[in-house]
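Trainee: First, the structure itself, so that you have it in front of you.
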C-alpha cells in the first residue's frame, strides 16, 4: 500500500475528510516522464473513444482531449457502524434505455498495458485490480470496461469485469488481497478517527498519515494550511 495523508476536521458533529497530497506524490507530478504523460493521455483518449454525449449518439474521437472534464456522483452508504457521504468521479453509464437505475447503470472505464508474462499478470491482479475494485465497489458501480493497449498506446483488446467477481479473480490468481480485509481496515481506521478527532472546530485539523508498511499516525494543526472547510460553508452552517 502506498503512503497517504488525510486531513480530518470535526464540525457540528460531522467528521469531514480531505485527501492531502504527500510530498512523494507532489514530486512524482513534478518529475513525470514523457512516458507517464503518454499513459495518462491514452487513458483519457480511450474514454473519448468509448463515450458519446447522448444516449443515441456515437463516440467522437476527433475532439481534443480535455482532462479537466469530469462527472461526479454523491453516494450515501454505511460501512459497519459508520455512516458515509462521499463523492466519486464517474466515467459513463450504460446507454441501454432499459438499464437499471443508478448506480447499477454506471460503468467505469480503465486502461492497462497488455499482459504477456506471469510477472505482469501477477502485478495486474495484485495491484491494479485491487485499486479498480476499491474505487468501483464503494461507489456501487457494477462493471469495469478495460482496454488493454500495446506500447504505442493502441488498444488491442477490451474486457469487461464484473466488480463483484474481481476479489475471486484476484484470490485465484495471486491470493494476495481479500475484500473483507480491505473493508475491515477501512472500518477500523474510521473508528480510530472518531476516537482521535474530538474537538469540534473547523480551524482544527487532525492530519492522519500512513507510510508504506507502517502504522497510522496523526498530528494536530490549528489555523494551518491544512484547513479545508471554506469560510462560506462554515458561515452558512452556523
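Trainee: So which residues in the stretch 98-115 are in contact (Cβ under 8 Å) with a residue 24 or more places away in the chain, more than 17 Å from residue 148 (Cβ to Cβ) and either in a strand (DSSP E or B) or more than 19 Å from the chain's Cα centre (by Cα) (or both), if there are any at all?
Mentor: Listed by number, the list holds a single entry, 106.
Trainee: Would you confirm whether or not the stretch 44-66 contains a residue that is part of a helix (DSSP H, G or I), within 30 Å of residue 215 (Cα to Cα) and over 17 Å from the mean Cα position of the chain (by Cα)?
Mentor: The answer is no, given that none of the residues of the stretch 44-66 is part of a helix (DSSP H, G or I), within 30 Å of residue 215 (Cα to Cα) and over 17 Å from the mean Cα position of the chain (by Cα).
Trainee: Taking the stretch 121-157 as the region of interest, how many residues are on the phi < 0 side of the Ramachandran plot and either part of a helix (DSSP H, G or I) or within 17 Å of the chain's Cα centre (by Cα) (or both)? It would help to see each step written out before you state the result.
Mentor: Quick first cut of the stretch 121-157, residues on the phi < 0 side of the Ramachandran plot only: 121-139, 141-152, 154-157.
Checking the rest, the ones that are also either part of a helix (DSSP H, G or I) or within 17 Å of the chain's Cα centre (by Cα) (or both) come to 121-139, 141-146.
So the count comes out to 25.
Trainee: Still on this structure, please answer the following. Across the stretch 130-165, what is the number of residues that are closer than 27 Å to residue 77 by Cβ and out of contact with any strand residue (DSSP E or B) (no Cβ under 8 Å at 6 or more places or on another chain)?
Mentor: Number of matching residues: 7.
Trainee: Still on this structure, I have one more. Go through (1) in a helix (DSSP H, G or I); (2) touching a strand residue (DSSP E or B) at 6+ places or on another chain (Cβ under 9 Å); (3) within 23 Å of residue 40 (Cβ to Cβ) and name the single condition residue 194 misses.
Mentor: Of everything listed in (1) in a helix (DSSP H, G or I); (2) touching a strand residue (DSSP E or B) at 6+ places or on another chain (Cβ under 9 Å); (3) within 23 Å of residue 40 (Cβ to Cβ), residue 194 misses just condition (3).
Trainee: Here's something else I'd like to know. Whether any residue in the stretch 222-232 is at pLDDT 95 or above and assigned to a strand (DSSP E or B) is what I want to check.
Mentor: Within the stretch 222-232, one or more residues are at pLDDT 95 or above and assigned to a strand (DSSP E or B).
Rundown of residues vs (1) surrounded by 15 or more Cβ atoms within 10 Å (Cβ to Cβ); (2) out of contact with any helix residue (DSSP H, G or I) (no Cβ under 9 Å at 6 or more places or on another chain); (3) farther than 18 Å from residue 8 by Cβ; (4) free of Cβ contacts under 8 Å to residues at least 12 places away in the same chain, yes/no style:
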{"residue": "178", "(1), (2), (3), (4)": "no, no, yes, yes"}
{"residue": "182", "(1), (2), (3), (4)": "yes, no, yes, no"}
{"residue": "190", "(1), (2), (3), (4)": "yes, yes, no, no"}
{"residue": "194", "(1), (2), (3), (4)": "no, yes, no, no"}
{"residue": "217", "(1), (2), (3), (4)": "no, yes, no, yes"}
{"residue": "226", "(1), (2), (3), (4)": "yes, yes, no, no"}
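Trainee: Then there is this: Restricting to the stretch 1-17, name every residue that is assigned to a loop (DSSP other than H, G, I, E, B) and either surrounded by 14 or more Cβ atoms within 10 Å (Cβ to Cβ) or at pLDDT 95 or above (or both).
Mentor: Within the stretch 1-17, 3, 12, 13 qualify.
Trainee: Right, next: How many of the residues making up the stretch 30-57 are under 25 Å from residue 154 (Cα atoms) and either surrounded by 10 or more Cβ atoms within 10 Å (Cβ to Cβ) or in contact with a helix residue (DSSP H, G or I) (Cβ under 8 Å, 6 or more places away or on another chain) (or both)?
Mentor: Of the residues in the stretch 30-57, 19 are under 25 Å from residue 154 (Cα atoms) and either surrounded by 10 or more Cβ atoms within 10 Å (Cβ to Cβ) or in contact with a helix residue (DSSP H, G or I) (Cβ under 8 Å, 6 or more places away or on another chain) (or both).
Trainee: Another one. I need a count of the residues in the stretch 79-97 that are more than 16 Å from the chain's Cα centre (by Cα), surrounded by fewer than 13 Cβ atoms within 10 Å (Cβ to Cβ) and either over 18 Å from residue 51 (Cα atoms) or at pLDDT 95 or above (or both).
Mentor: The qualifying residues number 3.
Trainee: What tally of residues in the stretch 158-168 results from selecting those that are in a helix (DSSP H, G or I) and within 20 Å of the chain's Cα centre (by Cα)?
Mentor: Within the stretch 158-168, residues that are in a helix (DSSP H, G or I) and within 20 Å of the chain's Cα centre (by Cα) number 5.
Trainee: Output the number of the condition that residue 118 fails; it satisfies all remaining conditions of (1) under 26 Å from residue 151 (Cβ atoms); (2) at pLDDT below 95; (3) surrounded by 14 or more Cβ atoms within 10 Å (Cβ to Cβ).
Mentor: (3)
Trainee: Kindly indicate which of 171, 162, 156 is within 16 Å of residue 114 (Cβ to Cβ) and surrounded by fewer than 15 Cβ atoms within 10 Å (Cβ to Cβ).
Mentor: 156
The values are calculated or read from the model by the stated rules, or taken from the named source; none is laboratory data. What you see is a predicted model; the values in this text were computed from it and never measured. Cβ sites come from the backbone with ideal geometry, for glycine too, and all protein chains shown count toward neighbours.
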